[in-house]
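Notes to accompany the following structure.
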Amino acid sequence: MLNGSGDIRPGEFGLEDVAPDGDAPFDEHITIDDVLQMRWDYFECLIAAIWQKKSYKRVYRTPQTDDGVDVVAISGNRGELIQCKSSGVDGADLSWEAVKDVVTGEAAYRMRHPGVEFQKVCVTNQHFNATAVMHAEFNRVELYDQTKVAALLEQYPVTMLDVERFLYTEWEDVNA
């Protein structure tokens with residue numbers, strides 16, 4: 001609070017009013033190299049931003065106690081439950097923990113969103129090992145590894161501003 005004026009939220013002023021002239025870094029498209037350096041929370045927001053660009057009408061990040069799902073994307077009576085796993089270890093092969101998480105979390109989200117038919121998805125900035133691939137097939141879970149995430153970024157370009165809109169949800173205009 002400044003001089004009794006209350007809190008100011010970023011949505012209450014135009015970004016162009018505070019950004020430097022010229023090309024701003026938040027306007028640049030995120031690359032797979034950027035993804036490999038992201039913190040886990042930015043990675044989740046990146047995935048939410050991509051799914052929003054895939055034309056899902058409602059996309060949101062779940063709270064910390066997420067029942068095994070990090071991002072929910074819904075459009076009409078179809079949706080996707082997405083579990084995100086990131087690793088700072090380049091070339092890592094992740095186990096099937098993400099598959100277990102999204103499979104066990106599905107029931108809770110079906111109850112929260114009656115009438116929505118969900119597909120299950122796991123996404124990583126690295127790779128999945130053979131056990132993860134096998135269990136994903138058994139449980140009808142679609143896997144997106146580093147290569148597929150890079151392809152998604154080509155098809156659905158995302159900026160850091162897109163990511164931060166999910167990270168800082170309180171930035172949305174309070175009058176919207």
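The values are calculated or read from the model by the stated rules, or taken from the named source; none is laboratory data. The structure presented is a predicted model; accordingly, all values stated were derived computationally and were not measured. We place every Cβ from the backbone using ideal geometry, glycine too, and count neighbours over all the protein chains shown.
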Tally the residues that are over 22 Å from T62 (Cα atoms) and either without any contact (Cβ under 8 Å) to a residue 24 or more places away in the chain or part of a loop (DSSP other than H, G, I, E, B) (or both), restricting the search to segment 83-94. 5
Give me the residue from segment 56-76 that is on the phi < 0 side of the Ramachandran plot and acidic (D, E) and, out of that set, modelled with the highest pLDDT. D70
Would you call A98 part of a strand (DSSP E or B) and either free of Cβ contacts under 8 Å to residues at least 40 places away in the same chain or of a type in the set (G, A, S) (or both)? no
Check on A132, more than 19 Å from the chain's Cα centre (by Cα), in contact (Cβ under 8 Å) with a residue 40 or more places away in the chain and surrounded by 20 or more Cβ atoms within 10 Å (Cβ to Cβ): no
May I ask you to say which residue of V116, V89 is of a type in the set (V, I, T) and out of contact with any strand residue (DSSP E or B) (no Cβ under 8 Å at 6 or more places or on another chain)? V89
Condition check: in contact (Cβ under 8 Å) with a residue 12 or more places away in the chain, surrounded by fewer than 16 Cβ atoms within 10 Å (Cβ to Cβ) and of a type in the set (D, E, K, R). Does E142 satisfy that? yes
Going by the conditions given, is D162 of a type in the set (D, E), at pLDDT 95 or above and surrounded by 14 or more Cβ atoms within 10 Å (Cβ to Cβ)? no
Here's a check for you: in segment 77-98, which residue that is farther than 15 Å from L143 by Cβ and modelled with pLDDT of 95 or more is surrounded by the fewest Cβ atoms within 10 Å (Cβ to Cβ)? N77
Scan segment 29-82 residue by residue and report those that are of a type in the set (S, T, N, Q), within 17 Å of R112 (Cα to Cα) and not in a loop (DSSP other than H, G, I, E, B). S75
